[in-house]
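Participant: Below you will find the structure I want to go over with you.
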Amino acid sequence: MSLLQIKNLSVEFGSDKNPFRAVEGLDLTVDQGEIVGIVGESGSGKSVTMMAMMGLLEGQGRIVADKLQFDGKNLLTISARERRKIVGKDISMIFQDPMTALNPSFTVGYQIMEVLKLHQGLRGAALKARALELMEMVEIPAAASRLSAYPHQLSGGMSQRVAIAMAIACNPKLLIADEPTTALDVTIQAQIMELLVSLQQSQNMALILITHDLAVVAEVAQRLAVMYAGQVAEMGQVPDIFRHPSHPYTEALLKSIPEHSKGAHRLSTLPGIVPGQYDRPSGCLLSPRCPYVQERCRAERPALTAQRQGAVRCHFPLYDKES
Amino acid sequence: MANVQASPVATAADDVALSYPSPLKEFWQGFSHNKGAVAGLVFMLAITLSALLAPWLAPYNPIEQYRDAILAPPVWMDGGSSRFLFGTDELGRDLLSRLIHGARLSLLIGLTSVVMAMVPGVILGLIAAFFPKVLGSLIMRLMDIMMALPALLLAVAIVAILGPGLINTMIAIAIVALPAYVRLTRASAMTELNRDYVTASRVAGAGLVRLMFVCVLPNCMAPLIVHATMSFSSAILEAAALGFLGLGVQPPTPEWGTMLASARDYIERAWWVVTLPGLTILLSVLAINLMGDGLRDALDPKLKRAA
Amino acid sequence: MFSFILRRLGLLLPTFFGITLITFGLIRLIPGDPVEVMVGERTLDPQMHADAMHRLGLDKPIYLQYVDYLHNLATGHLGESLVTKDSVWKEFTTLFPATLELAVMAMLFAAVFGLLAGVIAAIKRGSIFDHGVMGLALTGFSMPIFWWGLILIMFFSVKLGWTPVSGRLDLAFDIAPRTGFMLIDAWLAEAADPSLNAGAFKDALKHLILPAIVLGTIPLAVIARMTRSSMLEVLREDYVRTARAKGLSPARVIFIHTLRNAMIPVLTVMGLQVGTLMGGAVLTETIFSWPGIGKWLIDAISRRDYPVVQNGILMVATLVILVNFIVDILYGIANPRIRHAK
C-alpha cells in the first residue's frame, strides 16, 4: 500500500458566492522511500496541495477529496489534535525562503529542540545530544556553537540546513520540500539538493520535491507530476516523461531547460500566463497557450486518462501521436 | 495624490471604464467604503453647523442665569420641562445653549492649534530634511526633548508660565503638537528627496523654496492630513483637560472641559450636568478619530488598491 | 549587550541636558520679579532686593546661572517649596510611591486586557468580537479621562456604593507608611495586627481600583489596537507557518511563536504610554484626590509654588526618559536583531 494516497482533491478559496479553485481533482500517490517531483509554474497549485494535506491552510481554504490517506490514517476525518501528532513528526515540510522560515526571536537550538520535545518527549542531555547530532547530520560546521545562534546570524544556506534538521528531527516517513533551493545562491543550491537526497536515502524517507525546475527533478526523482492551473497535466515515470513528454505543456517545460533546447533555436517558452480566477477557458485550460490546439480542445475539458505507468490530461497526447 | 496625471485625452472609442477616476472621486470611494468614517463625518458636520449657527440655534444666551430653575433636569426626566431641553446647571444656565456655544470654542481651539502647529512644524520638518547634517540634527534633538515631556504636563507647564486663558490654551496645545509634525514631515520628505523627480527638478534648476514647497511638500501631504485630523481630536481633548484643571478657558465662558470642572460637586444630584458635556467631548473626539481612520484608508498609498 | 546599553545611554544624556535647559528657562520666563518667583520673598527695599539677587546668584551672567543650576542638581539640591518650606526632593520622594502604585496598577490593567483583547481580535479577525473590541478601543482612545472618572464615581461610588470616592485609604485605618505603597503597607499592617487593621488591604484595593481603571483606559485602547495589528502582521509570516508545520498546538503557535514577535512593537507603544500615564496621572489624581505627583504639580501651579513646578517637572521628565531607556533595553532583549545591530 502506498504511503500517501490523494484522490480527487480540490481546494477552494474565497467566498461561497465567488469561489476560486486553486486545486482541482488532484490525484497523487507516493510510496515509501521514493522521490516524487511536482513541477509547475507559480500559481499552479503545487504548494497549496501540500499545505492542504498537512492542514496548514487554517480554515482559509475549503478542502474536498475522495481520499486523503497517509500511512493508513484518513487525514480527512482525523481530529486536529490527531493530525498534529503526525504533522512535524511523520510528515514534515521545508519551505522556500529559509531566511523567513525560522523564528527570529529564538535560537536555532531552541527551534530544533522544540520539535524533539513535542514529538519524542526528549529532555535534558538526550535532547541536547540529539539536536547536536541533527546539526551534524545536515553538515553544519561548528554545530555545537551554532545551537545558540539566532537565525539572523546565519546565511541562507545555513538557515536552510537548520530547517532541514528541524524537518528530519523525528525521522519522518515523508518529507515535503517546497522549492528548497529557489531562494539560495546557485553554488549553494547543488549542496542542499545533494544533502536532501543523501538524507532521503539514509533515512529511507519518501520525498516530495516541489519545484519549477525540471532539471532538478530529472536528476533525483523517480516519478513526476506536472501541474497546470490547479490540475495534474501529466504524471508518470521520470524517464518516460523526459524521453517522450505526452502533454504539450510538459513538452514546453522540457524545451525551456537549456540542455534540451539544442541547436540555435531560441529558448522556447509558451506565450501567455497561467489562467487566473476570472479568465479560465471553458475547454482545456491550456488551450489558449497550446501550440497544438484544436477545435475540441476549446470546447471540451479533457479528463485525466491512464497512460503508460501514469496519466495524462489531453485530448491529443503527444506520445500517442508518435507511437 | 497630487501628482497623479490626468489620463490622455480620451477619444470616443476609449472604454469609459479604462479612464482614471478623478483624484477626488477616487478618494471619496475609498473614504465612503468605511462606514464609521462616514458616520464620523456626518456627526462632525452637524457639530460644525451648530457651532457656526450657534447664536441662532441656541435657545438661550449661554451665560444667562435663570435663578428660578437651578439644576433643572432635562425634558425626559421627572420634573423636566421643555423650557430647558437638556436641563440647567448649578447657576441656572441652559445646558443645551452652553453645549452649542461650547462647540464653537472647541472647534476654534482645535483648528487654530492645528494650524499653529502644522505651519511651523512643516517648515521645520522640511528644513530638517533638506539640511540633515547640522541644522537638521539640531532641530530633531530639540524635538526629542519636547517629546520626552508628557504632552499634558508640557501644556500645563506652558500655561503655568503664560497664565490661563483661551489664547494661551491654543499656544500651549500648538507647542505640544509641534514635534510630531516636524518628525512626520521630515520622515516623508526624506523619502521623497531620494526620488528621481526631485533630482530632475534640481537639475532643471528649481530653487530651494520651490523644491521644498512645490516639488516635495505636495507629495508628503497624505500622512500630514491624516495626522492633522488626529491632532485636531487630541487638541480638543487637551483643551478640555486644561479647562477641567482650571488652567484653560476661564468661566463663565461655556467651554466643555470648564463646564465639567464645576459640575464635579453635583454628581450626586444632577447627573446631566456631568454626563452631557463629557459625552459631547467623547462623541466629537470619537467622530474625528473615525474620520481619521477613514482618511488613512483612503489616502495611504500603501493600502490603496493597486491601479 | 553591554555595548548596546552604552550606546543607548549616550543618546539619553543630551535629552536630559535639554530637559534641564527647559526647566531652567521655564522659571526665568515667568513674568514678575525673579526673587519673588524663586523664593517667594517680596521686598520693596532695593538694597535687600539686591542682596537677595546676589544670594541667589541671579546677578551672574545667565550661562553661569545655568552652571549653578546644574551644580545644584548634581549635588541633590532641588530647592524648597515656597508653601511648605520642605525640600522639593523630599516631597517628591514621599508622594512618588502613590503615583507609582497607581501607574503600575493602571499599566497592569491595560497590558493584561489590552494584550488579551488584541490577540483574540486578531485570531478572530472580522468576527463580531473583533469589531466590538476595535470599536471599544477607538472609544477608549477618544475618552476624556477626567469625565470617565466622574462617570465611574457616579455609578460605582454614588449609585452602587461599591467603591470610595477619593483618597488611598479609609480614615478609620491608621497605617504607618513603610514602603509608601498603600497595598503593601496595608497588607503588612493587617498581618502585624489583624484585630486593629482588619480589612485594610481590601480597603486599599477598593480605593485603587477606579483610579487605576481610569488611568489605564487610554493605554488599554492603544495596546489593544497595536497588539491586533501587530499580531495580524506576524501571523502572515513564514515562520508561523513553519511553527504550525512542526505540529505545535495552536496555543503554542499563537503565544510563543507569534506573540513573542508581535510584542516588539507593542512594547515600544507601552513605553510611549508611560508619558501618557504621567499626563493622565495629573487628571486622575485630581479627580480622585489621590496624593501623588500629578496632584502635587497642579496644586503647586495654582499656588504659584514655582520651585516645585520647576523641579517637579524635571523629575517627571527624567522619569519618563528613564523608563523609555529601560523599554529600549527590553526591546533589545526581545529582538535579537536589534541587539546585534552594529
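The numbers here are math on the coordinates, done by the rules we state, and not lab data. Only a predicted model underlies this, so the values are computations on that prediction, with no experimental measurement involved. Methodologically, a virtual Cβ is constructed for each residue, glycine included, from the backbone with ideal geometry; neighbour enumeration extends over all protein chains shown.
Participant: If one takes the longest principal axis of the Cα atoms in chain B, at what angle in degrees, from 0 to 90 and to the nearest 10, does the Cα axis of helix B:23-32 lie?
Facilitator: Once rounded, one gets 40 degrees.
Participant: Continuing with this model, one more query. Give me a comma-separated list of calculated 3J(HN,Hα) values for the stretch B:161-174, in order, Karplus coefficients 6.51, -1.76, 1.60 applied at θ = phi - 60°, integers in Hz, x for any Gly or Pro.
Facilitator: 6, 7, x, x, x, 5, 4, 5, 4, 5, 4, 4, 5, 5
Participant: Let me ask something additional. What whole-number distance in Å separates the alpha-carbon centres of the stretch A:224-249 and the stretch C:173-211?
Facilitator: Cα centres, the stretch A:224-249 to the stretch C:173-211: 79 Å.
Participant: Give me the extension gain from C:TRP89 to C:LEU322: residue separation times 0.36 nm, minus the current Cα-Cα distance, reported in nm with one decimal.
Facilitator: Values: separation 233, 0.36 × 233 = 83.88 nm, distance 1.75 nm.
Fully extending the segment from C:TRP89 to C:LEU322 adds 82.1 nm.
Participant: Another question about this same structure. Just from the alpha-carbon atoms, what are the Rg and Dmax of the stretch B:119-219 in angstroms?
Facilitator: Expressed in Å, the Cα Rg and Dmax of the stretch B:119-219 come to 16.2, 51.
Participant: Can I ask one more? Which Rg and Dmax, in Å, describe the Cα atoms of the protein assembly as shown?
Facilitator: 35.2, 123
Participant: If you place +1 on the Cβ of every Lys and Arg and -1 on the Cβ of every Asp and Glu, how big does the dipole about the Cα centre of the stretch B:29-305 come out, in debye to the nearest 20?
Facilitator: 1040
Participant: Under a point spin-label approximation (7 Å from Cα along Cα-to-Cβ), what is the B:PHE131-C:TYR63 distance to one decimal in nm?
Facilitator: 2.1
Participant: Quick query: amide H of A:VAL232 versus all other amide H atoms, modeled in the peptide plane; which residues come in under 5 Å with a sequence gap of 5 or more or a different chain?
Facilitator: Here A:ASP27 satisfy the definition.
Participant: As a test, work out the antiparallel percent of DSSP beta bridges whose residues both lie in the protein assembly as shown, rounded to the nearest 5.
Facilitator: Given both bridge residues lie in the protein assembly as shown, the antiparallel proportion sits at roughly 60 percent.
Participant: Could you give the longest part of chain A that holds none of the chymotrypsin sites (Phe, Trp or Tyr not before Pro) found in DSSP loops with at most 15 neighbouring Cβ atoms within 10 Å?
Facilitator: Details: sites that count: A:TYR278, A:TYR292.
Segment A:1-277 is the longest.
Participant: Across peptide A:98-111, how many C-beta atoms of other chains are within 10 Å of each residue C-beta, on average?
Facilitator: 5
Participant: Further question: Per residue, what volume in Å³ does the Cα convex hull of the stretch A:133-244 take up?
Facilitator: Once divided by residue count, the hull of the stretch A:133-244 is 120 Å³.
Participant: Most exposed first by the Cβ proxy, i.e. fewest other Cβ within 10 Å, how do A:CYS297, A:CYS314 rank?
Facilitator: A:CYS297, A:CYS314
Participant: Follow-up question, since we're still on this one. When the distances between all Cα atoms of chain A are binned every 20 Å from zero, what whole-number percent does each bin get?
Facilitator: Calculated over all Cα pairs of chain A, the distribution is 30, 56, 14, 0 percent.
Participant: Expressed in nm², what is the orientationally averaged projection area of the convex hull enclosing the Cα positions of the stretch B:29-305?
Facilitator: On the way: hull surface 70.0 nm².
With the hull built on Cα positions only, its mean projection is 17.5 nm².
Participant: Assuming R0 = 30 Å, can you tell me the calculated FRET efficiency for the pair C:ILE329 and B:THR191, based on Cβ-Cβ distance, to the nearest 0.05?
Facilitator: 0.55
Participant: In whole Å and largest first, what semi-axes does the C-alpha gyration tensor of the stretch C:77-211 yield when each eigenvalue is scaled by 5 and square-rooted?
Facilitator: Taking √(5λ) for each eigenvalue gives 34, 21, 16 Å, largest first.
Participant: Quick one: A:VAL293, A:VAL217, fewest Cβ neighbours within 10 Å first, how do they rank?
Facilitator: So the ranking, lowest neighbour count to highest, is A:VAL293, A:VAL217.
Participant: Just need the relative contact order of chain A here, percent rounded to a whole number, with Cα pairs under 8 Å and 6+ apart.
Facilitator: Taking the mean separation of contacting Cα pairs over the length of chain A, I get 20 percent.
Participant: Would you work out which of B:VAL38, B:PRO23, B:GLY80 lies farthest towards the positive end of the dipole of chain B? Charges go on Cβ: Lys and Arg +1, Asp and Glu -1.
Facilitator: B:PRO23
Participant: Further question: Roughly what angle does helix A:156-167 make with the longest principal axis of chain A, taking Cα atoms, 0 to 90 degrees, to the nearest 10?
Facilitator: Compared with the principal axis, the helix lies near 80 degrees.
Participant: What are the ³J(HN,Hα) values, in whole Hz, obtained from phi via the Karplus relation 6.51 cos²θ - 1.76 cosθ + 1.60 with θ = phi - 60°, for each residue of the stretch B:195-207 in sequence order, with x given for Gly and Pro?
Facilitator: 6, 5, 5, 5, 4, 4, 5, 4, 4, 6, x, 5, x
Participant: If you don't mind, another one. Using R₀ = 60 Å, calculate the FRET efficiency as 1/(1 + (r/R₀)^6) where r is the Cβ-Cβ separation of A:ALA215 and C:LEU100; round to 0.05.
Facilitator: That gives a FRET efficiency of 0.35.
Participant: Can I ask one more? Considering the stretch C:88-339, what Rg and Dmax in Å follow from its alpha-carbon atoms?
Facilitator: 20.6, 66
Participant: List C:ARG168, B:ARG195 from most exposed to least, where exposure is judged by having the fewest other Cβ atoms within 10 Å.
Facilitator: Lowest count first: B:ARG195, C:ARG168.
Participant: What's the average, rounded to a whole number, of partner chain beta-carbon atoms within 10 Å of each residue's beta-carbon in A:145-152?
Facilitator: Values: counts 0, 0, 0, 0, 1, 5, 3, 5.
That works out to 2 on average.
Participant: Now for a different question. For A:VAL23, what residues show an amide H to amide H distance below 5 Å, using hydrogens built from the backbone and excluding near sequence neighbours?
Facilitator: Residues meeting the criterion, in which the H sits 1.01 Å from N, are A:VAL11.
Participant: Looking only at chain A, where both bridge partners belong to it, what percent of the DSSP beta bridges are antiparallel (to the nearest 5)? The partial results should precede the final answer.
Facilitator: Numbers: 27 of 46 bridges.
Percent antiparallel among DSSP bridges in chain A is about 60.
Participant: Okay, moving on. Can you work out ³J(HN,Hα) from phi for every residue in the stretch C:196-208, in order, using Karplus 6.51 cos²θ - 1.76 cosθ + 1.60 and θ = phi - 60°, giving whole Hz and x for Gly and Pro?
Facilitator: 7, 10, 4, x, 5, 4, 4, 5, 4, 5, 4, 5, 7
Participant: Also, quick follow-up: At 1.002 mPa s and 20 °C, plugging the Kirkwood radius over alpha-carbon pairs of the stretch C:2-74 into Stokes-Einstein gives what diffusion coefficient in µm²/s?
Facilitator: Using the Kirkwood radius from Cα pairs, D works out to 150 µm²/s.
Participant: Note down the magnitude of the dipole of the protein assembly as shown about its Cα centre, charges +1 on Lys and Arg C-beta and -1 on Asp and Glu C-beta and zero elsewhere, to the nearest 20 debye.
Facilitator: Using Cβ point charges on Lys, Arg, Asp and Glu, the protein assembly as shown gives about 1540 debye.
Participant: If one takes the longest principal axis of the Cα atoms in chain B, at what angle in degrees, from 0 to 90 and to the nearest 10, does the Cα axis of helix B:271-299 lie?
Facilitator: Taking Cα atoms only, the helix is inclined about 10 degrees.
Participant: If r is the Cβ-Cβ distance from A:ALA306 to A:GLN120 and R0 is 30 Å, what FRET efficiency results, to the nearest 0.05? Don't skip to the end; give the middle numbers.
Facilitator: Details: r = 41 Å, r/R0 = 1.38.
E between A:ALA306 and A:GLN120, to the nearest 0.05, is 0.15.
Participant: List the lysines whose Cα sits under 29 Å from the Cα of C:LYS85, skipping any in the same chain fewer than 8 residues away.
Facilitator: C:LYS60, C:LYS295
Participant: Please give the average number of partner chain Cβ atoms lying within 10 Å of the Cβ of each residue in B:253-259, rounded to a whole number. Walk me through the intermediate numbers first.
Facilitator: Values: counts 0, 0, 0, 2, 3, 0, 0.
Per residue, the number of nearby Cβ atoms from other chains is 1 on average.
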